[in-house]
Amino acid sequence: MSIQEASIYSVKLQVNGENQTIRTRAADTLLYVLREGLGLTGSKSCCDNGDCGACTILVNSLPMKACLTLAIEAEGQHITTIEGLNNTRVQQAFVQKQAFQCGYCTPGFIMNCQGLADLHPNASEETVRLWLESNICRCTSYEEIHEVVKTIFAF
């Protein structure tokens, strides 16, 4: 066995309710595995250092940045990507309020809002503001996103 073969691991993931076994290097991020290994390209690769939130997914219902999570750390966890959501109230609100311009950041914002709505359905405006600080919209659709949040949390 070569050194290169020895550094490949078999990892079992549950992604969008389906069990997946992937082969990965210890250094591969969950974002890389989701996009390149499983073809789930909704989570976007942008800053690759956790600043923008475009890669946000849910791990055990908590929003996580897939670019900062190693694939081997996700073994046995319940992972939900934007592809795993099915016409949720959050998704509907983003469409109704047209809370996107280019759409690149939209999956990350939706996943973050979905996690917040699931974990804190009665979140205060301050709590929502703090949660949304982890995502950046370069097209500055913040006003529309704020309208979504007001719809979801009834401010």
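The values are calculated or read from the model by the stated rules, or taken from the named source; none is laboratory data. Fair warning: this is a prediction, and the values are worked out from it, not measured in the lab. All Cβ positions, even for glycine, are placed from backbone atoms using ideal geometry, and neighbour counts span all protein chains on display. These accessible areas exclude ligands, DNA and RNA; they are computed on the full protein's heavy atoms, side chains included. Shrake-Rupley method; radii C 1.70, N 1.55, O 1.52, S 1.80 Å.
A 1.4 Å probe, protein heavy atoms only, puts the accessible area of GLU75 near 90 Å².
For region 45-62, 3J(HN,Hα) computed residue by residue from phi via the Karplus equation (6.51, -1.76, 1.60; θ = phi - 60°) reads 9, 9, 8, 6, 9, x, 7, 9, x, 5, 9, 4, 10, 10, 10, 6, 6, 9 Hz, glycine and proline entered as x. The packing ranking, built from the mean of other Cβ atoms within 10 Å per residue, places the peptides 116-123, 42-49 in the order 42-49, 116-123, highest first. For the residues HIS78, HIS146, a 1.4 Å probe over the protein chains yields an accessible-area ranking, largest first, of HIS78, HIS146.
Can you put LEU30, LEU40 in order of accessible area, largest first, using a 1.4 Å probe?
From most accessible down to least: LEU40, LEU30.
Using C-alpha pairs below 8 Å separated by at least 6 residues, the relative contact order for region 13-105 is 34 percent. Take the Cα of ASN86, step 7 Å toward its Cβ, do the same at LEU130, and the gap between the two points is 3.4 nm. For the pair ALA27 and ASP51, a Förster radius of 22 Å applied to the C-beta separation gives a FRET efficiency near 0.65, rounded to the nearest 0.05. Comparing ALA66, ALA99, ALA26 in a Gaussian network model of the chain where C-alpha atoms under 10 Å apart are linked, the largest mean-square fluctuation is found at ALA26. Figure note: THR69, THR151 ranked by solvent-accessible area, largest first, 1.4 Å probe, ligands and nucleic acids not counted: THR151, THR69.
Under 13 Å from the Cα of LYS44, which aspartates and glutamates turn up, not counting those fewer than eight places away in the same chain? Once the sequence-local aspartates and glutamates are set aside, what remains near LYS44 is GLU36, GLU83. Past the 26 angstrom mark, what percentage of all C-alpha to C-alpha distances in the chain do you count? The share of Cα pairs beyond 26 Å in the chain comes to 27 percent.
Amide H contacts for THR56 (H built 1.01 Å from N in the peptide plane; partners 5 or more residues away or on another chain; cut-off under 5 Å): LYS44, ALA66, GLY108.
Computed 3J(HN,Hα) for region 94-108, one whole-Hz value per residue from the Karplus formula 6.51 cos²θ - 1.76 cosθ + 1.60 where θ = phi - 60°, is 4, 5, 4, 8, 6, 8, 6, 10, 7, x, 5, 7, 4, x, x, glycine and proline marked x. Normalised by the number of residues in region 55-155, the mean separation of alpha-carbon contacts (under 8 Å, six or more apart) gives a relative contact order of 32 percent.
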